[in-house]
Amino acid sequence: MTQIPLLEVEHLKVNYGGIHALKGIDLHIAPGELVALIGSNGAGKSTTLKALAGLQHCSAGKLHYEGHSLHHMPAHQRVSAGLALVPEGRGIFARLTVAENLHMGAYTRNDDEIEADLERMYTLFPRLAERCAQLAGTLSGGEQQMVAMARALMSRPKLLMLDEPSMGLAPMMVAKIFETIRDISAQGVSILLVEQNAKLALEAAQRGYVLESGAITLSGAAGELLGSDAVQRAYLGA
Amino acid sequence: MDIFLQQLINGLVQGSVYALVALGYTMVYGILGLINFAHGEVVMVGAMVALTALQALLAAAFAPVLAVLFSLMLAVAACMALGYGIERIAYRPLRNAPRLAPLITAIGVSIVLQNLAMMIWGREYHAFPLPFNNGLHEMGGAIITDVQIVIVLVALVMMAGLMGVVHRTRMGRAMRAVAENPSAAALMGVDINRVISATFMLGSALAAVAGLMVSANYGIVHYYMGFMLGLKAFTAAVLGGIGNLRGAMLGGVLLGLIESLGAGYIGDLSGGFLGSHYQDVFAFFVLIAVLVLRPSGLLGERVAERA
């Protein structure tokens, strides 16, 4: 890949007290790429995303986004720079309506295309259009995941980071969510996808990284990872 | 004269003041989980600033209505600055400290403000000048004054305005989002510190208005007046369900009514043994009853703290 990466992470370290959650990881994402980050529970996947979004303090390492350092940029400014994270557990605002949640996604924008984008989200997720005046907390898990994704897209991100979008969802809903992830990717948005469901993630992605106890142990084209013995044994139970 | 109706009117007036102050407690609690015990003192500072401004403006022969309006605006501005300053200096450095720390700090801020006010305005009771004749109206055997009518109307307008801000503006939406999930709000690009500052300023503006109201109603201003008023407004917020805006309004009005009806009838009920100076007992009886019987308040959710 000769393209200049959209995001480049060098030797990123995160410590929680005395625990080394990330022990110096390197990864990069090219514009328009869909990259999967897989690994078991506690491997540091969510920590990586939080560090990228600015919710987690990094103890060492470099984050370059579009050639600029993200180091001293607080979380709320990274949104206007084009980074959006759909956090683990979705983080929807249960006491706000669906429409208000989506408007929150466009908080940093003041252009006049917000309403048009809102309509686009309702086309992407027709279920949300039906429920736009309902409190988000009353929706089902799958619908809440739709709200969380639509809300993140409302900021018009260049890089969308998804933390376990399939977690706790019925198989039908998982298929629907992954179909949408592919659509979003096809529209040119770069995506960093964190999943425990390695097969699903690697099938959707172009490249992948395997994270094990805070270190990247494997990386490469998604197809190769999917076929590799190590991934098969560790994550796919083959 | 109809005692019941009279006490109803008095309770409604006092309850309107409690409601405005209770909103300040509940907004800050909703967003930070902090009980800002210094909030009563903000009311007092509002009253003091309004008093000083009014005296100066009247001495400069301003038209009475203009003088009142200008002093109200000054008091609101001063209290907003004070509310911002309190949060910035006393609470923000403790944002991630254990919960007890900011609570004790709040009590400290309250004492500091009381003593500062005592140094600036003295220990004496100041008469609050009313630059116009406070007309009396008879309503079904009870009496209501011009000032009381204005208090209830202004309180209604302020509460409607606040609900408008919270439910219809971008900042209000951000406030509700931060109250529910601060880190998710940050992921939406919300500068949490700005929203918290705005919350303190909004609550303090209401406190300033309330300060002018009580002073005009009782005609007296004193550096210690914020303490009891603050405690009762806090009680009102707990009664309605702390963290809930509608609860604060309902709790405020209810507490005003309970207090004034209680004070009106306690003499008869106790056969003259207890008098209306036991009025304060009712507020705290209510507080204890709510904490024992329904800790989440009338409109509060039974759900525990945010995750």
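Quick note: the coordinates plus some simple rules give every number you see, no bench work behind them. The model shown is predicted, which means the values in this text are computed figures rather than measured ones. In this analysis, Cβ positions are derived from the backbone assuming ideal geometry, glycine residues included, and neighbour counts consider all displayed protein chains.
Going by C-beta contacts inside 10 Å, put B:H39, B:H167 in order with the fewest on the left.
Listed from fewest to most nearby Cβ atoms, that is B:H167, B:H39.
Separation between the B:L298 and B:L231 pseudo-spin-labels, each 7 Å from Cα along Cα→Cβ, expressed in nm?
2.2
Any number yet on Rg/Rh for the range B:136-264, C-alpha, Kirkwood?
Taking Rh as the inverse mean 1/r over Cα pairs, Rg/Rh reads 1.04.
By a straight-distance test (C-alpha under 16 Å), which aspartates and glutamates pair with A:K62 as possible cross-link partners, with residues fewer than eight away in the same chain excluded?
A:E8, A:E10, A:D26
For A:G82, what is the net charge nearby, where nearby means another residue's Cβ is under 11 Å from its Cβ and Lys, Arg count +1, Asp, Glu -1?
Net charge around A:G82: +2.
Let me see the pair-distance distribution of chain A: every alpha carbon pair, 10 Å bin width, integer percents in order.
Going out from 0 Å in 10 Å bins, chain A shows 8, 33, 37, 19, 3, 0 percent.
Once Rh for the protein assembly as shown is found with the Kirkwood sum over Cα pairs, what is the Stokes-Einstein diffusion coefficient at 25 °C and 0.890 mPa s, in µm²/s?
Translational D for this selection: 94 µm²/s.
Evaluate the charge dipole of chain A about its Cα centre and quote only its size in Debye, nearest 20, assuming +1 on the Cβ of each Lys and Arg and -1 on the Cβ of each Asp and Glu.
480
Helix-derived [θ] at 222 nm for chain B: sum -39500 (n - 2.57) over DSSP H runs of at least 4, divide by residue count, nearest 500?
It comes out at -24500 deg cm²/dmol, rounded to the nearest 500.
Using the Kirkwood radius built from alpha carbon pairs, what does the Stokes-Einstein equation give as D for the range A:91-156 at 37 °C and 0.692 mPa s, in µm² per second?
Result for D is 289 µm²/s.
Treating only the Cβ of Lys, Arg, Asp and Glu as charged (+1, +1, -1, -1), what charge dipole size does the range A:91-156 show about its Cα centre? Round to the nearest 20 debye.
300
Below 8 Å, C-alpha to C-alpha, sequence gap of six or more: please give me the relative contact order for chain B in percent.
Relative contact order here is 36 percent.
Take the alpha-carbon centre of the range B:79-155, take the same for the range A:190-210, and report the distance between them in whole Å.
Cα centroid to Cα centroid, the span is 57 Å.
For chain A, what does the helix formula give at 222 nm: sum of -39500 (n - 2.57) over DSSP H segments with n ≥ 4, over the residue count, nearest 500 deg cm²/dmol?
Value at 222 nm, helices only: -10500 deg cm²/dmol.
What net charge do the residues around B:E138 carry, taking every other residue with its C-beta under 15 Å from that of B:E138, with Lys and Arg at +1 and Asp and Glu at -1?
Here the count lands on -2.
Of the GluC sites (Glu not before Pro) in the range B:74-170, which ones lie in a loop per DSSP and count no more than 13 other C-beta atoms within 10 Å?
B:E124
Looking at the square roots a ≥ b ≥ c of the eigenvalues of the Cα gyration tensor of chain B, which shape do they give, rounded for a/c under 1.5, prolate if a/b is larger than b/c, or oblate?
Cα axes put chain B in the oblate bin.
On a 0 to 90 degree scale, rounded to 10, what angle separates helix A:171-186 from the longest Cα axis of chain A?
80
Under the definition of Cα pairs under 8 Å and six or more residues apart, what whole-number percent is the relative contact order of the range A:83-172?
Result for the range A:83-172 is 51 percent.
List the GluC sites (Glu not before Pro) within the range B:209-307 that fall in a DSSP loop (any state other than H, G, I, E or B) and whose Cβ has at most 16 other Cβ atoms within 10 Å.
Loop-located and lightly packed - B:E301, B:E305.
Between beta-carbons, use under 11 Å as the cut-off and find the net charge around A:R120, counting Lys and Arg +1, Asp and Glu -1.
-3
From Cα pairs below 8 angstrom and at least 6 apart in sequence, can you work out the relative contact order of the range A:1-48, rounded to a whole percent?
Rounded, it is 34 percent for the range A:1-48.
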